[in-house]
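What follows is a set of notes on a single structure, which appears directly below.
The values are calculated or read from the model by the stated rules, or taken from the named source; none is laboratory data. No experiment lies behind these values; they were computed from the predicted model shown. Don't worry about glycine lacking a Cβ; one is built from the backbone with ideal geometry, like all the others, and counts go over all protein chains shown.
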Amino acid sequence: MEFIKRLFNGNINPSLAVMVKGSQYEKLANESVNVQKTLCGQLSEEQKKLLEELISIQDTLSVIVSEENYSAGFRDGAGMIMDVIMGKSSNLKEL
């Protein structure tokens, strides 16, 4: 029940995770920023705007995919719980 109370009170927010220092994610995020800076230094203003638009679209797509995967994982977990509670064998029955 403690989890439900924390959820109800708004104390659970998985989208607010903090990046772990030295993690693969942090390294790739830094590399992405460096590549973007290098590339922007070689582009015209119009090309920079296009790149920024592309990055913004990709960021939005990432958010959508993350939300969908989170929801799908939640549904899968609930489905497993339901199967454990309600599931029956089609070949064996309890004595």
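Can VAL35 be described as assigned to a helix (DSSP H, G or I) and of a type outside the set (Lys, Arg)? Spelling it out, VAL35 is indeed assigned to a helix (DSSP H, G or I) and of a type outside the set (Lys, Arg). Residues that are at pLDDT below 95 and touching a Lys or Arg at 6+ places or on another chain (Cβ under 8 Å) do not occur anywhere in region 19-38. Do the conditions hold for LYS48, that is, is it of a type in the set (Lys, Arg), part of a helix (DSSP H, G or I) and either in contact with a His (Cβ under 8 Å, 6 or more places away or on another chain) or exposed (fewer than 10 other Cβ atoms within 10 Å of the Cβ) (or both)? So LYS48 does not fit the description; no.
Residues are listed down the side, and each one gets a yes or a no for (1) in contact with a Ser or Thr (Cβ under 8 Å, 6 or more places away or on another chain); (2) surrounded by 10 or more Cβ atoms within 10 Å (Cβ to Cβ); (3) more than 16 Å from SER15 (Cβ to Cβ):
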{"site": "SER56", "(1), (2), (3)": "no, yes, yes"}
{"site": "VAL63", "(1), (2), (3)": "no, yes, no"}
{"site": "PHE74", "(1), (2), (3)": "no, yes, no"}
{"site": "VAL84", "(1), (2), (3)": "no, no, yes"}
{"site": "SER90", "(1), (2), (3)": "no, no, yes"}
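Farther than 30 Å from PRO14 by Cβ and surrounded by 10 or more Cβ atoms within 10 Å (Cβ to Cβ): does that describe GLN42? Quick ask: steps written out before the conclusion?
Values: farther than 30 Å from PRO14 by Cβ: yes; surrounded by 10 or more Cβ atoms within 10 Å (Cβ to Cβ): no.
Against the criterion (farther than 30 Å from PRO14 by Cβ and surrounded by 10 or more Cβ atoms within 10 Å (Cβ to Cβ)), GLN42 does not qualify.
Once region 9-32 is narrowed to residues that are of a type in the set (A, V, I, L, M, F, W, C) and in a loop (DSSP other than H, G, I, E, B), the residue that is surrounded by the most Cβ atoms within 10 Å (Cβ to Cβ) is ILE12.
Just to be sure, is VAL63 under 30 Å from GLU2 (Cα atoms), without any contact (Cβ under 8 Å) to a residue 24 or more places away in the chain and assigned to a loop (DSSP other than H, G, I, E, B)?
On the way: under 30 Å from GLU2 (Cα atoms): yes; without any contact (Cβ under 8 Å) to a residue 24 or more places away in the chain: yes; assigned to a loop (DSSP other than H, G, I, E, B): no.
No; evaluated as a whole, the condition is false for this residue.
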